[in-house]
Amino acid sequence: MAMKKLDDVKTFKDYKNNLKEALKKNWDSPLDFHFFNSFKFEEMTVPMLFIGKISSSDLAAIVKEGGAVTAKGTCTKSKDGVQFEFEGTEVPITKLNDTFKQAGSTVSAVFEPINDQQGLMDHPDARDFFIMLAKDSNAKAMKVSKSVVAELAKAWPKDFTKIVKLCPPEAEQLKLLLEKLVATAEAKEKSPVKKA
């Protein structure tokens, strides 16, 4: 299911076939990924998603040809689509979905990065909380899906009441943490701004 080496994606045709084949199956164990905003195939230069461990020599070769890593991290595939956990810059969801379509696949990138949601950047405590919550192990422990995590992040801080209501009934611990987070944020917003 993973791409093994740079030769697997030497031509755009080979790349499409490899990606389409990889996306046919589900995988629970996270696979490494690198997304290049610009990749030079033999036929053309377009964005490219490499799923699998890429060697340092292959990566150096891509960069030498002008390829820039837009995002990297790990991904898993389920019936819902491809879930991404990443480091560095934002995962370009639209471009990833376009890449899937180019490969002839109907799957989609279903996890929307939450660290750049409007409002979260002004609340570091909340931003860090949602980023940690979005990780697979933490989401499962808190009995919440990643799609709900994304909805929670979108609601922040516009609707504090909605944030708590979005929390699933079985996620008792998460609800308590969210209520505490909301209370802290509300207190900060109500506190008078000190003049310098």
Under the condition of being small (Gly, Ala, Ser) and exposed (fewer than 13 other Cβ atoms within 10 Å of the Cβ), which residue from segment 62-72 is farthest from the chain's Cα centre (by Cα)?
GLY66
Among residues of segment 78-106 being among the small types (Gly, Ala, Ser) and either exposed (fewer than 12 other Cβ atoms within 10 Å of the Cβ) or modelled with pLDDT under 70 (or both), the residue farthest from ASP128 (Cα to Cα) is GLY104
What are the residues in segment 34-74 that are in contact with a Ser or Thr (Cβ under 9 Å, 6 or more places away or on another chain), among the aliphatic types (A, V, I, L, M) and farther than 16 Å from LYS5 by Cα, if any?
VAL46, ALA68, VAL69, ALA71
Kindly establish whether LYS146 is of a type in the set (Lys, Arg), crowded, with 16+ Cβ neighbours inside 10 Å and modelled with pLDDT of 70 or more.
yes
Based on this model, can you work out whether ALA109 counts as at pLDDT below 85 and over 24 Å from ALA153 (Cα atoms)?
no
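The values are calculated or read from the model by the stated rules, or taken from the named source; none is laboratory data. Not measured: the values here are computed from a predicted model. Note: ideal-geometry Cβ built from the backbone for every residue, glycine included; neighbour counts use all protein chains shown.
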